[in-house]
1. Considering just Cα atoms, how many Å³ per residue does the convex hull of the chain enclose?
2. Please list, short to long, the whole-number percent of alpha-carbon pairs of the stretch 4-77 in consecutive 5 angstrom bins beginning at zero.
3. Based on DSSP loop calls and a cut-off of at most 11 other Cβ atoms within 10 Å, the longest stretch of the chain free of exposed chymotrypsin sites (Phe, Trp or Tyr not before Pro) is what?
4. State the antiparallel share, in %, of DSSP beta bridges confined to the stretch 256-361, rounding to the nearest 5.
5. Given the rule -39500 (n - 2.57) for each run of at least 4 DSSP H residues, summed and divided by the residues of the chain, what is its mean residue ellipticity at 222 nm, to the nearest 500 deg cm²/dmol?
6. Report the Cys residues of the chain lacking a disulfide-compatible partner, meaning no second Cys Cβ under 4.7 Å from their Cβ.
7. I'd like the orientation of helix 279-291 relative to the chain: the angle between its Cα long axis and the longest Cα principal axis, in ° from 0 to 90, rounded to 10.
8. In debye, nearest 20: dipole of the chain around its Cα centre with unit charges on the Cβ of K, R (+) and D, E (-)?
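FYI, it's all coordinate maths here, none of it is from the lab. Note that the structure is a prediction, hence the values are computed from the model and not measured. Cβ: placed from backbone, ideal geometry, glycine included. Neighbour counts: every protein chain shown.
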Amino acid sequence: MAGTEVKVPDIGDFKEVEVIEVLVKPGDAVAKEQSLITLESDKATMEIPSPSEGKVSQIKVKVGDKVSKGSLILMLEGEAPVQTPKAPEASKPASPAPSAGSDLECDVVVIGAGPGGYSAAFRAADLGMKTVLVERYPVLGGVCLNVGCIPSKALLHTAAIMDGARALASHGISFGEPKVDLAKLRDFKNKVVGKLTGGLASMAKMRKVTVMQGTATFLDKNRVQVDGKTLRFNYAIIAAGSQAAKLPFLPDDPRIVDSTGALELKSLPKKMLVIGGGIIGLEMGTVYSTLGARLDVVEMMDGLMLGADRDLVNVWQKFNAPRFDKVMLKTKTAKVEAAKDGLKVSFEGADPKTYDMILVSVGRVPNGKKIGADKAGVTVDERGFIKTDSQMRTNVANIFAIGDIAGNPMLAHKAVHEGHVAAEAASGMKSHFDARVVPSVAYTDPEIAWVGLTEDEAKKNGTAVGVAKFPWAASGRAIANGRDEGFTKLIFDAETHRVVGGGIVGTGAGDLISELALAVEMGADATDIGKTIHPHPTTSESVGMAAEVFEGVCTDLPPQRKK
Ligand SMILES: Cc1cc2nc3c(=O)[nH]c(=O)nc-3n(C[C@H](O)[C@H](O)[C@H](O)COP(=O)(O)OP(=O)(O)OC[C@H]3O[C@@H](n4cnc5c(N)ncnc54)[C@H](O)[C@@H]3O)c2cc1C
């Protein structure tokens with residue numbers, strides 16, 4: 001055979017990898033290290049270089065062929081190869097060449113160190129990219145760790161134990177009235193936050209992620225400015241998050257706070273108004289009410305915690321009725337006057353009232369308009385969201401957006417997954433955000449958790465579903481816990497019997513919902529769930545039993561009528 005055989009070199013763990021491009025043709029003169037073909041696995045693309053210079057005499061592969069180490073690629077006339085070329089690296093951006101006009105250079109810059117941002121930065125670093133993480137505050141962790149998920153859960157956990165201890169009176173165990181040391185409680189919450197944010201800082205160090213403190217704004221599609229310094233990047237991941245929405249007519253008064261202010265626990269009000277009946281307002285309301293405040297809630301819409309099915313919310317509302325003096329639905333807050341003896345609030349559709357503290361929780365606004373996105377050509381919508389494709393790529397190919405800024409639901413776990421996708425896509429991997437469902441949880445007492453299609457949505461869209469419920473009043477564990485007010489509901493596709501959604505209300509519902517999320521992702525049907533052995537006695541059994549209810553085979557309830 002004329003010439004030298006050029007074969008696929010050692011390509012690491014990859015086998016049977018598809019040829020997606022043939023970059024040369026017979027008669028071409030090729031230089032040493034010139035790319036001959038491109039291979040693509042599910043994890044990476046890689047180019048195979050020529051081991052020597054020469055002239056291509058025959059091509060032995062075509063697009064679509066599957067090759068492994070040793071497969072013949074082509075025949076080369078001329079100089080014989082002197083050595084087997086090194087395994088090619090999965091395609092990833094080359095570090096930018098040093099250039100004038102920048103103080104620092106990197107493969108990828110991540111703007112914002114919340115759950116989306118730090119996850120993206122850590123994944124990018126793990127994939128071998130030179131990564132800079134820019135955060136305007138001195139601590140990492142963003143809203144979630146510093147003034148969101150974590151501190152609120154630290155306080156909700158404390159509140160749940162206080163409520164649980166009180167409830168033990170009916171079991172014959174009494175502790176007397178709790179004494180609240182607000183400074184100590186604040187310290188506990190701050191320690192929890194410090195432990196987690198400190199952990200992030202050391203993990204950034206271990207990965208050699210450069211953390212820059214400062215506010216980043218785009219100069220163009222390859223440069224950001226961070227407090228006077230210019231940083232040049234190949235890829236940017238925008239993870240600048242969101243902030244609490246404000247009501248413009250409210251006076252500036254320290255007794256009027258948003259969730260961040262409420263988490264500071266500066267004082268304990270006797271009478272507190274929560275403006276906005278969403279999850280964040282009701283979680284913080286729960287904490288203050290357990291610590292001793294009487295609550296009113298005012299909501300413009302016709303229900304609390306919209307998004308969750310009403311039957312789930314009704315259980316929570318009935319159980320929590322004693323916390324509230326008034327729940328004002330379809331009611332607007334019209335005016336607040338900050339007087340010395342209290343905050344005097346007028347409503348449209350309800351009588352005026354005076355409060356010691358007002359918590360404003362009327363939603364969150366994405367920070368899209370605050371990063372100079374226009375300079376990079378990134379489109380930001382009128383609300384401040386940045387639209388992306390399924391790889392989290394914005395309209396500008398080398399810039400990604402993730403987390404709250406990239407759209408609803410504004411949840412930390414969604415941000416984390418999007419962060420991983422963006423980092424992987426920037427490194428050349430074919431990752432997409434293709435999760436079927438994102439679970440939602442209200443960490444109130446009882447907790448409400450739901451995932452996938454809700455029953456209310458199915459009714460609205462006319463989707464044919466089958467719904468099965470298992471009441472916790474029939475759960476041995478829930479009864480033993482003295483908390484049997486909840487239920488577990490599964491929603492199935494009427495034809496395939498595959499689970500498409502579900503909701504749980506009850507203690508620990510936020511932990512239980514993961515099983516339903518997994519079931520939806522795996523395309524499980526009612527038999528798969530019902531035949532999975534759940535440990536007894538647990539509230540998790542209610543998931544299996546709800547599936548059995550759907551199949552008409554549940555023996556923990558009175559006999560079901562034949563379908
Ligand atoms: C009280 C409360 C409770 C919550 N509880 C939960 C919960 O239990 N579970 C849940 O999933 N979600 C919860 N959330 C929502 C959750 O906090 C957010 O969805 C999550 O933090 C979003 O992550 P992110 O990475 O998109 O942005 P963020 O966490 O908002 O982080 C963005 C970061 O970017 C920084 N930044 C912004 N602009 C710039 C700039 N130009 N330059 C440099 N840095 C910048 C900000 O300082 C911030 O640190 C809660 C939110 C609140 C307010």
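1. 204
2. 4, 18, 33, 25, 15, 5, 1
3. Within the chain, the longest run free of exposed chymotrypsin sites (Phe, Trp or Tyr not before Pro) spans 250-563.
4. Approximately 40 percent, going by the DSSP bridge assignments.
5. -8000 deg cm²/dmol, from helical runs alone.
6. CYS106, CYS554 - these cysteines have no disulfide-compatible partner (Cβ-Cβ under 4.7 Å) in the chain.
7. For helix 279-291, the angle is close to 40 degrees.
8. In total the dipole reaches around 1220 debye.
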